[in-house]
Amino acid sequence: TQSSVSSGINAEYGGEDGVKGPKGEPGGCGCAAGCGGRQCTQNVLVLHSGGSGEIQCPDQWTSLWMGYSFFAVTTDGATVQQDPAAAGSCLEHFQPTPLLSCDGENEECSGDFISDKTVWWAIEASDAPESPISDVSTIQRYVSRCNVCLGPSRLETKHSWGTEAPSCSPGYEVMWSGYSNFVDLLPRKDDDDQNMRPGIPSTSPATCRETTSSPSFLECDGREGQCTVIKGTTNEDRPTDRGRCVVCTRASHRSNRRRK
């Protein structure tokens, strides 16, 4: 860096430029120079605790915000499903119907919009009520917590399509391994449309679950203002001959998966 010393009349009044200052001290090695294996690109990973406690980001990853695990919203027969590994699946505040209705012609938005249904990740709680819950503070107790993390390494998700976990690509190391699940994770009822709904991209880390169990969900009815816990299946209820997968991080950014 260089400094300058003003001379003569102030520049604001048309004076001469000051003399050049001494040369600055050498700066630290930045990502643009590629020193130390640094990467200029930043990557987002969202972790869900499956519980009411906070979940911490992996080493070398920084928390952007913590929130509540949001999965999908359904209105007018259309379902918008969030990628659980993307920032949109972690809302800082919990509301059973976290949406506004906006009129593009009049440029006005209203909070009177009522969606048909919202779906949240629920905590694994043995005392979860089977009947609908209407008190918001009580409902919030059963919503999983999440953390949006910013890190230096691009993540790679690989599926083996077999019972053996695949290997990471050269230059990458295992962050975690699990079981492939890249189809629709939304809970279904007997009267649900049997057509396949949008799933999660197979490149998403969320498609590699560490267990074969399916998560529990909290399904909120926007018109009635009530939410119901839909419990997931346990490991014993699911076949163990499912495809394996692995989520990898660059070797130079190897870190612990996460800390609860």
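For region 200-212, taking the residues that are surrounded by fewer than 17 Cβ atoms within 10 Å (Cβ to Cβ) and polar (S, T, N, Q), the one that is nearest to LEU155 (Cα to Cα) is identified as THR203.
The residues in region 53-65 that are open to solvent by 10 Å² or more (accessible area, probe 1.4 Å) and more than 23 Å from SER214 (Cα to Cα) can be counted, and the count is 7. Consider region 128-182 and keep the residues that are in contact with a Ser or Thr (Cβ under 9 Å, 6 or more places away or on another chain) and aromatic (Phe, Trp, Tyr). The one that is nearest to PHE70 (Cα to Cα) is TYR142. Quick check on ASN181: is it closer than 28 Å to ASP127 by Cβ, touching a strand residue (DSSP E or B) at 6+ places or on another chain (Cβ under 8 Å), modelled with pLDDT of 90 or more and open to solvent by less than 30 Å² (accessible area, probe 1.4 Å)? Considered against the rule, which asks whether it is closer than 28 Å to ASP127 by Cβ, touching a strand residue (DSSP E or B) at 6+ places or on another chain (Cβ under 8 Å), modelled with pLDDT of 90 or more and open to solvent by less than 30 Å² (accessible area, probe 1.4 Å), ASN181 comes out as no. In the condition set (1) outside any loop (DSSP other than H, G, I, E, B); (2) open to solvent by less than 80 Å² (accessible area, probe 1.4 Å); (3) at pLDDT below 50, GLY8 is compliant with all but (1). Scanning region 125-151 for residues that are open to solvent by 10 Å² or more (accessible area, probe 1.4 Å), among the aliphatic types (A, V, I, L, M) and not in a loop (DSSP other than H, G, I, E, B) yields a total of 3. Summed over region 152-172, residues that are open to solvent by less than 60 Å² (accessible area, probe 1.4 Å), modelled with pLDDT of 90 or more and over 24 Å from ASP241 (Cβ atoms) total 5.
The residues on offer are ALA85, ALA72, and the sole one that is within 15 Å of the chain's Cα centre (by Cα), outside any strand (DSSP E or B) and either surrounded by 15 or more Cβ atoms within 10 Å (Cβ to Cβ) or at pLDDT 75 or above (or both) is ALA85. The residues listed here are GLU156, GLU173, GLU164; of these, the one that is under 30 Å from VAL119 (Cβ atoms) and acidic (Asp, Glu) is GLU156. Counting only residues that are at pLDDT 80 or above, open to solvent by less than 70 Å² (accessible area, probe 1.4 Å) and not aliphatic (A, V, I, L, M), region 216-260 holds 13 of them.
The values are calculated or read from the model by the stated rules, or taken from the named source; none is laboratory data. Everything quoted here is computed from the prediction, not taken from an experiment. Cβ: placed from backbone, ideal geometry, glycine included. Neighbour counts: every protein chain shown. Ligands, DNA and RNA are excluded from the accessible area calculation, which covers all protein heavy atoms including side chains. Shrake-Rupley method; radii C 1.70, N 1.55, O 1.52, S 1.80 Å.
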